[in-house]
1. Mind counting the residues in region 48-81 that are over 20 Å from F36 (Cβ atoms), of a type in the set (K, R) and surrounded by 16 or more Cβ atoms within 10 Å (Cβ to Cβ)?
2. Residue by residue through region 61-75, note down the ones that are assigned to a loop (DSSP other than H, G, I, E, B) and in contact with a strand residue (DSSP E or B) (Cβ under 7 Å, 6 or more places away or on another chain).
3. Is it the case that region 167-174 has a residue that's surrounded by 14 or more Cβ atoms within 10 Å (Cβ to Cβ) and modelled with pLDDT of 95 or more?
4. Being surrounded by fewer than 19 Cβ atoms within 10 Å (Cβ to Cβ), modelled with pLDDT under 95 and either outside any loop (DSSP other than H, G, I, E, B) or among the hydrophobic types (A, V, I, L, M, F, W, C) (or both), is that true of even one residue in region 30-47?
5. When the residues of region 134-146 are narrowed to those that are of a type in the set (S, T, Y) and surrounded by 14 or more Cβ atoms within 10 Å (Cβ to Cβ), which ends up farthest from N100 (Cα to Cα)?
6. I'm checking my understanding of the structure. Among residues of region 175-207 that are surrounded by fewer than 16 Cβ atoms within 10 Å (Cβ to Cβ) and of a type in the set (K, R), which one is farthest from V139 (Cα to Cα)?
7. Identify the residue in region 82-133 that is over 25 Å from the mean Cα position of the chain (by Cα) and aliphatic (A, V, I, L, M) and, among all such residues, is surrounded by the most Cβ atoms within 10 Å (Cβ to Cβ).
8. Within region 137-191, count every residue that is closer than 18 Å to V123 by Cβ and among the basic types (K, R).
Amino acid sequence: MRILAIVLLLAACEGAISRNQATTTASNRPAKDSSFFGRLSDAAVSLTRQQVEYDPSYYAIPYPNGDIPMRKGVCSDVVIRAYRRLGIDLQQNIHEDMVNHFDRYPKNWGLPAPDKNIDHRRVPNLMTYFNRKEASRPVTRKAGDYQPGDIVCWMLPGNLTHIGIVIDSAAGDKTRKLIVHNIGRGQVVEDCLFSYTIIGHYRYKPG
């Protein structure tokens, strides 16, 4: 009987320790960010679970809520798809703004009028739209100025524009932030915020 009592006591102690450890572990976990930008960051991360081939081809797509084939895409499609997962259609928003204010947008492609198939997939147009919606934030070299859900644009070698979404700190290091983007290797997470010249920083939430 004494042996049985000791075994039961030890089991009870181990159970208490396990519960305390679970409580401690749970208390050490950062609270899930349920804000708009936290959910946008989560949406961007979810895109990295899809296999996507880099493809800058022109596609005729439905409107609104049109998308190119799911396994295709470029950097801008990461942003478009992340916002779509929150019910926001940048294709429609940008097209409507361009119809009404076409003169405010870049004329880099020689188009005489808006094109709902491609306009929202061009980084300079996205930058213009975010600026028009007063979503611009300072461009700095301080990682702390960039929060999950922020949009960052870069100028790559060869004067190529690029765009991605900030998601989190790298390995808990607040001096480094991770990015979800597609620079030719699919929709991936990389530690590359300051790897290229930043030309735009935005925090866009529709009003």
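1. 0
2. At the first step, the residues of region 61-75 found to be assigned to a loop (DSSP other than H, G, I, E, B) are 61-71, 74.
Those that are assigned to a loop (DSSP other than H, G, I, E, B) and in contact with a strand residue (DSSP E or B) (Cβ under 7 Å, 6 or more places away or on another chain): R71, V74.
3. Taking region 167-174 first, the residues surrounded by 14 or more Cβ atoms within 10 Å (Cβ to Cβ) are 167-170.
Next cut, modelled with pLDDT of 95 or more only: 167.
Yes, some residue in region 167-174 is surrounded by 14 or more Cβ atoms within 10 Å (Cβ to Cβ) and modelled with pLDDT of 95 or more.
4. So far as region 30-47 goes, yes, one or more of its residues are surrounded by fewer than 19 Cβ atoms within 10 Å (Cβ to Cβ), modelled with pLDDT under 95 and either outside any loop (DSSP other than H, G, I, E, B) or among the hydrophobic types (A, V, I, L, M, F, W, C) (or both).
5. Only one residue fits best here, namely Y146.
6. R185
7. Keep residues of region 82-133 that are over 25 Å from the mean Cα position of the chain (by Cα), which gives 99-104, 107-114.
Right, trim to aliphatic (A, V, I, L, M) and you get 99, 111, 113.
On the way: V99: 12, L111: 14, A113: 8.
Per the criteria, the residue is L111.
8. Qualifying residue count, region 137-191: 2.
The values are calculated or read from the model by the stated rules, or taken from the named source; none is laboratory data. Being a predicted model, the structure only gives us computed values, none of them experimental. Note that we place each Cβ from the backbone using ideal geometry, even for glycine, and neighbour counts take in every protein chain shown.
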